[in-house]
Amino acid sequence: MFTIYSKDGCVNCEKSRMALYIKGLPFQVKKLNEDFTLEWYMNEFKVRSFPVIVNDTKVYKSFEELQNSI
């Protein structure tokens with residue numbers, strides 16, 4: 001299961017969601033200010049950009065990183 005940490009208006013967040021959907025990989029989307037805070041996100045992942053995608057074994061810190069791995 002993948003988790004996409006997303007925010008409104010994020011093109012790469014949507015690209016990540018579509019890439020996982022097209023590949024038939026299970027995912028959930030968590031939204032900034034609904035499911036997590038910016039402070040938590042920055043402390044947890046040490047980044048300021050979106051998205052971060054997490055699965056059981058890896059943290060992908062960009063859409064490009066995810067795309068190159070799936």
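The values are calculated or read from the model by the stated rules, or taken from the named source; none is laboratory data. Because the structure is a prediction, the values reported are computed rather than measured. Here Cβ is always computed from backbone atoms with ideal geometry, including for glycine, and neighbour counts include all displayed protein chains. Accessible surface areas use protein heavy atoms only, side chains included; no ligands, DNA or RNA. Shrake-Rupley method; radii C 1.70, N 1.55, O 1.52, S 1.80 Å.
Observations on the model:
- Residues of the stretch 44-70 that are of a type in the set (Val, Ile, Thr), in contact with a Leu (Cβ under 8 Å, 6 or more places away or on another chain) and assigned to a loop (DSSP other than H, G, I, E, B): ILE70 alone.
- Flag set for GLU44, criterion: open to solvent by 40 Å² or more (accessible area, probe 1.4 Å) and under 18 Å from SER62 (Cβ atoms).
- Odd one out for THR57, checked against (1) modelled with pLDDT under 95; (2) among the hydroxyl-bearing types (Ser, Thr, Tyr); (3) touching a strand residue (DSSP E or B) at 6+ places or on another chain (Cβ under 6 Å): (3)
- Yes/no for VAL29 being in contact with a Lys or Arg (Cβ under 8 Å, 6 or more places away or on another chain) and of a type in the set (A, V, I, L, M): yes
- LEU25, sole failed condition from (1) surrounded by 15 or more Cβ atoms within 10 Å (Cβ to Cβ); (2) in contact (Cβ under 8 Å) with a residue 40 or more places away in the chain: (1)
- Summed over the stretch 1-44, the residues that are over 15 Å from LEU66 (Cα atoms) and of a type in the set (Phe, Trp, Tyr) give a count of 3.
- Residue list for the stretch 28-43, restricted to those being part of a strand (DSSP E or B) and within 17 Å of ARG17 (Cα to Cα): GLN28, VAL29, LYS30, LYS31, LEU32
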